[in-house]
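Visitor: Take a look at the following structure, please.
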Amino acid sequence: MSGVEARFRLERPGFSLDVTLELPDTGVSVLFGPSGCGKTTVLRCAAGLTRSDHGLMRIGEDCWQDSETRRWLPTHRRPLGYVFQEASLFPHLSVRGNLAFASRRGGQGDRPDGKLMELLGIDRLMDRMPAALSGGERQRVAIARALCASPRLLLMDEPLAALDADRKREILPYLERLHRRLSIPVLYVTHALDEVAQLADHLVLMDQGRVGMAGPVGEVMASLDSPLAASDQASVVLDARVSGHDSAYGLTRLDVDGIDLWSARVGYEIGRRLRLRVHARDVSLALFRPEGSSITNIVPAVIEAIGGDDDATQCLVRLRTGSGAQLLARITRRSRDLLALEPGMVIYAQIKAVVPVV
Amino acid sequence: MPDLSLATEDWQAIALTARLAAVTLLILFAIGLPLAWWLARTHSRLGSLVSALVAVPLVLPPTVLGFYLLVLLGPQGPVGRLTESLGIGLLPFTFPGLVVASTLFSLPFVVQPLQASFAAVSERMLEVAATLRAGPLDTFWHVVLPLSRPGLLSAAVLGFAHTLGEFGVVLMIGGNIPGRTQVLSIAIYNRVEAFEYAHAHLLAGCLLVFSFIALLALQFINRAVSTTPAMLRGGA
């Protein structure tokens with residue numbers, strides 16, 4: 001069996017957790033939900049830091065715990081990497097010492113992997129003490145340290161939550177680069193949708209100790225039934241490639257499976273892959289190709305489904321473009337009726353803003 | 001002009017005292033490290049009980065402790081019978097007897113600073129170590145002890161200095177046998193009794209200077225530590 005299977009049941013005063021997760025064995029799976037919904041507890045259970053009343057943790061062929069067979073491996077015998085919310089570096093060891101602590105115990109000897117250091121941009125920090133590092137640097141070292149122990153699974157508990165917006169922007173590109181190189185599964189906890197849009201391959205929505213919905217990130221975000229759809233945050237994530245720049249107007253052309261979309265200029269070279277987030281509130285619909293519109297991005301698409309209660313003011317429309325990309329559009333119920341929108345209709349989506357998530 | 005060089009007897013007392021303090025310190029650490037670690041982490045009621053027991057020598061007159069030890073270790077006492085049946089013989093008025101007494105008497109001076117610095121090591125540091133595959137003992141040696149360095153130094157200085165200076169317990173359990181159980185503090189007492197104030201001054205002065213230097217060194221170490229708190233606590 002491949003993949004990661006995790007099942008935890010836990011009763012505490014005022015809190016109950018009951019989750020079953022089946023995650024792919026590569027890529028980043030994001031646990032997303034409001035504070036206090038039990039995301040971190042799931043991560044701690046997976047690591048063996050918190051003991052669930054009833055639990056199963058299996059990764060590929062390796063079983064770390066199973067209450068049926070009374071199997072239980074303590075944390076130090078589980079080959080995992082854990083990145084805590086605040087970078088908890090050992091204050092008595094230099095960066096090099098912190099990394100060597102991990103690599104020695106992970107069976108990699110004293111010299112941590114140089115490529116990893118470079119990838120995370122910490123190769124120049126090796127002789128510094130943790131107290132002399134910035135918050136972003138510390139967190140990067142903590143991520144490198146977790147990976148130095150040659151884990152089978154990387155667990156990350158809101159690694160950016162303790163950083164300010166600037167530090168977040170500084171560290172996200174490193175995470176994204178890492179994401180493309182890592183061959184192990186990553187379980188990433190966050191309550192920031194930006195991070196989901198940038199990093200997630202697989203998305204698990206959690207609320208009050210339960211899993212609301214889980215699946216590939218595109219599917220879950222484009223779903224009309226998810227808690228996200230009901231919120232102001234409803235949006236889709238598209239994979240794109242930089243295909244050109246218009247320096248005269250400060251725009252960048254992005255190729256999404258054959259469809260050209262324009263965004264405000266991003267400083268990436270042509271050919272670079274990145275992700276776009278398109279908010280449902282930024283997409284409007286027209287029955288005919290609009291002429292003389294100020295909106296640059298106009299894409300023909302088929303209506304797949306229309307969600308929302310019959311007495312709500314607004315409703316959410318899911319579209320599929322010719323190339324298969326999905327979009328969400330938030331429109332008023334009156335517009336829906338005036339345009340007589342039905343699943344299967346071909347319409348034009350006007351996209352007001354395309355946000356490259358960087 | 002009185003003779004101010006130390007007599008053989010004084011040298012014997014100094015050597016014996018140094019040996020006693022060193023051996024006692026070793027044993028104190030062997031017992032104190034695991035005991036302080038357990039006390040720092042346990043939430044059980046037994047922990048409070050043991051904590052109080054360890055602290056008893058802080059408030060008890062040393063002669064009281066010495067008296068009970070003498071009874072316990074003597075030929076009629078349970079421990080005395082045990083040591084005799086094991087062929088070790090009786091402990092009172094021997095060097096091992098002094099070591100036992102000093103260890104009990106100085107235990108709080110070692111356990112309390114250790115316990116305080118162990119308690120200051122955050123749970124998070126232990127969790128981090130576990131996620132990096134360090135087992136409990138590995139974590140203790142390579143994370144807890146380095147993070148507790150100021151506590152270890154305090155414990156060592158206080159344990160050693162306190163053993164050097166004790167009087168009452170040693171007198172009760174060891175007596176006053178030159179070269180065998182006559183330690184520095186008792187040698188000073190003898191000199192005073194014999195009105196040999198010059199010798200008493202010399203010995204007392206040595207002890208005073210040594211204790212002062214030890215405590216001064218501790219102050220400097222602690223000051224160096226407290227100006228860089230993040231280096232030694234679990235907060236980075």
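The values are calculated or read from the model by the stated rules, or taken from the named source; none is laboratory data. Everything numeric in this text was worked out from a predicted model, so none of it was measured. In this analysis, Cβ positions are derived from the backbone assuming ideal geometry, glycine residues included, and neighbour counts consider all displayed protein chains. All accessible areas refer to the heavy atoms of the entire protein, side chains included, with ligands and DNA or RNA removed. Shrake-Rupley method; radii C 1.70, N 1.55, O 1.52, S 1.80 Å.
Visitor: Sketch the reach of a paramagnetic label on A:Ala286 as a point 7 Å from Cα along Cα-to-Cβ, and name the residues of region A:298-327 whose backbone nitrogen lies under 15 Å away.
Guide: A:298-301
Visitor: Where the Cα atoms of the protein assembly as shown are projected onto their three principal axes, how long is each span, largest first, in whole Å?
Guide: Result, largest extent first: 119, 54, 41 Å.
Visitor: Okay, moving on. Using a 1.4 angstrom probe with every protein chain in place, what is the largest-first accessible-area order of A:Phe288, B:Phe220, B:Phe167?
Guide: Greatest to least solvent exposure: A:Phe288, B:Phe220, B:Phe167.
Visitor: Also, quick follow-up: Quick one: check the C-alpha center-to-center distance for region A:52-98 versus region B:127-193, whole angstrom.
Guide: Their Cα centres are 37 Å away from one another.
Visitor: How much FRET efficiency would the formula 1/(1 + (r/R0)^6) give for A:Glu304 and A:Glu68, where r is the Cβ-Cβ distance and R0 is 35 Å, rounded to 0.05?
Guide: Computed FRET efficiency for A:Glu304 and A:Glu68: 0.25.
Visitor: Expressed in nm², what is the orientationally averaged projection area of the convex hull enclosing the Cα positions of region A:4-230?
Guide: Result: a mean projected hull area of 12.6 nm².
Visitor: To continue, here is another question. Tell me, what is the 1.4 Å probe accessible area of A:Val30, in Å² to the nearest 10?
Guide: Accessible surface of A:Val30 is approximately 0 Å².
Visitor: Among A:Phe84, A:Phe15, A:Phe32, whose mean-square fluctuation peaks in a Gaussian network model of chain A (Cα, cutoff 10 Å)?
Guide: The residue with the greatest mean-square fluctuation here is A:Phe15.
Visitor: Of the residues B:Thr131, B:Thr42, B:Thr83, which exhibits the maximal mean-square fluctuation in a Gaussian network model of chain B defined by a 10 Å Cα contact cut-off?
Guide: Of the options given, B:Thr131 has the highest mean-square fluctuation.
Visitor: Could I ask something else about it? Local charge sum around A:Arg58 (other residues, Cβ-Cβ under 13 Å, Lys/Arg +1, Asp/Glu -1)?
Guide: Net charge in that neighbourhood comes out at -3.
Visitor: On to the next question. Can you pull the three principal axis extents for the Cα set of region A:235-356, in Å, largest first?
Guide: 47, 27, 23
Visitor: Please compute the volume of the convex hull spanned by the alpha-carbon atoms of region A:1-79 and report it per residue in Å³.
Guide: Measuring per residue, one finds 96 Å³ for the Cα hull of region A:1-79.
Visitor: From the Cα gyration tensor of region B:18-232, with a ≥ b ≥ c the square roots of its eigenvalues, which class applies: rounded if a/c is under 1.5, or else prolate if a/b is larger than b/c, or else oblate?
Guide: Oblate, because a/c is 1.5 or more while a/b does not exceed b/c.
Visitor: Give me the extension gain from B:Ala52 to B:Trp38: residue separation times 0.36 nm, minus the current Cα-Cα distance, reported in nm with one decimal.
Guide: That pair, B:Ala52 and B:Trp38, stretches by 3.6 nm at full extension.
Visitor: Each residue of region A:287-299 in order: what ³J(HN,Hα) in whole Hz does its phi give by Karplus 6.51 cos²θ - 1.76 cosθ + 1.60, θ = phi - 60°, with x for Gly and Pro?
Guide: 3J(HN,Hα) across region A:287-299, in whole Hz: 6, 10, 4, x, 9, x, 8, 7, 7, 7, 8, 10, 10.
Visitor: Please give me the summed charge of the neighbours of A:Glu118: other residues whose Cβ is under 13 Å from its Cβ, Lys and Arg +1, Asp and Glu -1.
Guide: +3
Visitor: Quick one: length gained pulling B:Ala214 to B:Val192 fully straight, 0.36 nm per residue minus the C-alpha distance?
Guide: 5.4 nm
Visitor: Which residue, A:Asp201, A:Asp255, A:Asp246, tops the fluctuation ranking in a GNM of chain A built on C-alpha contacts under 10 Å?
Guide: Result: A:Asp246 has the largest fluctuation of those listed.
Visitor: Magnitude of the Cβ-charge dipole of chain B, K/R +1 and D/E -1, about the Cα centre, nearest 20 debye?
Guide: 740 debye
Visitor: If you don't mind, another one. Please find the FRET efficiency linking A:Lys115 to B:Ala18, where r is the Cβ-Cβ separation and R0 is fixed at 56 Å, and quote it to the nearest 0.05.
Guide: 0.50
Visitor: Okay, next question. With a point put 7 Å past each Cα toward its Cβ, work out how far A:Leu339 is from B:Ala7 in nm, to one decimal.
Guide: 11.2 nm
Visitor: Membrane-span-like helices in chain B: DSSP H runs reaching 18 Å or more (Cα, own axis), mean Kyte hydropathy at least -0.5?
Guide: B:8-41, B:45-59, B:95-119, B:149-165, B:197-226
Visitor: Next question, about the same structure. Say each of A:Thr20 and B:Phe167 gets a label point 7 Å from the Cα, pointing the same way as Cα to Cβ; how far apart are those two points in nm?
Guide: 7.6 nm
Visitor: While we're on this one: Near the amide H of A:Gln314, under 5 Å away, which other amide H atoms are found, from residues 5 or more places off or on another chain, if H is placed in the peptide plane?
Guide: Here A:Arg333 satisfy the definition.
Visitor: So, one more: What order do A:His279, B:His201 take when sorted by accessible area (1.4 Å probe), most exposed first?
Guide: Result, largest first: B:His201, A:His279.
Visitor: Per 0.36 nm of contour for each residue apart, how much would the distance between A:Gln208 and A:Asp246 grow if the chain were fully extended, relative to their Cα-Cα spacing?
Guide: Residue separation times 0.36 nm, minus the Cα-Cα distance, leaves 9.0 nm.
Visitor: Place a label point 7 angstrom from the Cα of A:Asp53 along the Cα-to-Cβ direction, then list the residues of region A:1-26 whose backbone nitrogen is under 17 Å away.
Guide: Of the residues in region A:1-26, A:7-20 have backbone N under 17 Å from the label point off A:Asp53.
Visitor: When only the heavy atoms of the protein chains count and the probe is 1.4 Å, how do A:Lys168, A:Lys39, A:Lys115 rank by accessible area, highest first?
Guide: So, going from the largest accessible area down, we get A:Lys115, A:Lys168, A:Lys39.
Visitor: Okay, moving on. Under the rule that an exposed site lies in a DSSP loop and has at most 13 other Cβ atoms within 10 Å, name the longest stretch of chain A with no GluC sites (Glu not before Pro) of that kind, not counting the sites themselves.
Guide: Counting at most 13 other Cβ atoms within 10 Å as exposed, the longest clean stretch of chain A is A:69-268.
Visitor: Give the residues of region A:249-280 whose amide nitrogen is closer than 11 Å to a point set 7 Å from the Cα of A:Thr296 in the direction of its Cβ.
Guide: From region A:249-280, the list is A:249-254, A:261-266.
Visitor: Net charge around A:Tyr348, counting only other residues with Cβ within less than 14 Å of its Cβ (Lys, Arg = +1; Asp, Glu = -1)?
Guide: Around A:Tyr348, the charge tally is +2.
Visitor: Which of rounded, prolate, oblate describes region A:221-282, given a ≥ b ≥ c as roots of the alpha-carbon gyration tensor eigenvalues and a/c under 1.5 marking rounded, otherwise prolate only if a/b is larger than b/c?
Guide: Since a/c reaches 1.5 and a/b is larger than b/c, the shape of region A:221-282 is classed as prolate.
Visitor: How big is the shadow of the Cα convex hull of region A:146-263, averaged over all directions, in nm²?
Guide: That works out to 9.9 nm².
Visitor: Considering amide H positions built from the backbone, and no H for Pro or chain starts, which residues 5 or more places from B:Gly74, or on another chain, come under 5 Å of its amide H?
Guide: Those lying under 5 Å, H to H, from B:Gly74 are B:Gly80.
Visitor: Then there is this: For region A:72-86, take each phi angle, set θ = phi - 60°, evaluate the Karplus expression 6.51 cos²θ - 1.76 cosθ + 1.60, and give the result in whole Hz per residue in order, putting x for glycine and proline.
Guide: 8, 9, x, 3, 6, 10, 9, x, 9, x, 10, 10, 7, 4, 9
Visitor: I need the P(r) histogram for region B:1-120: all alpha carbon pairs, bin width 5 Å from 0 out to the longest distance, whole percents.
Guide: In order of increasing distance, the bins hold 2, 10, 15, 16, 18, 15, 10, 6, 3, 2, 1, 0, 0 percent.
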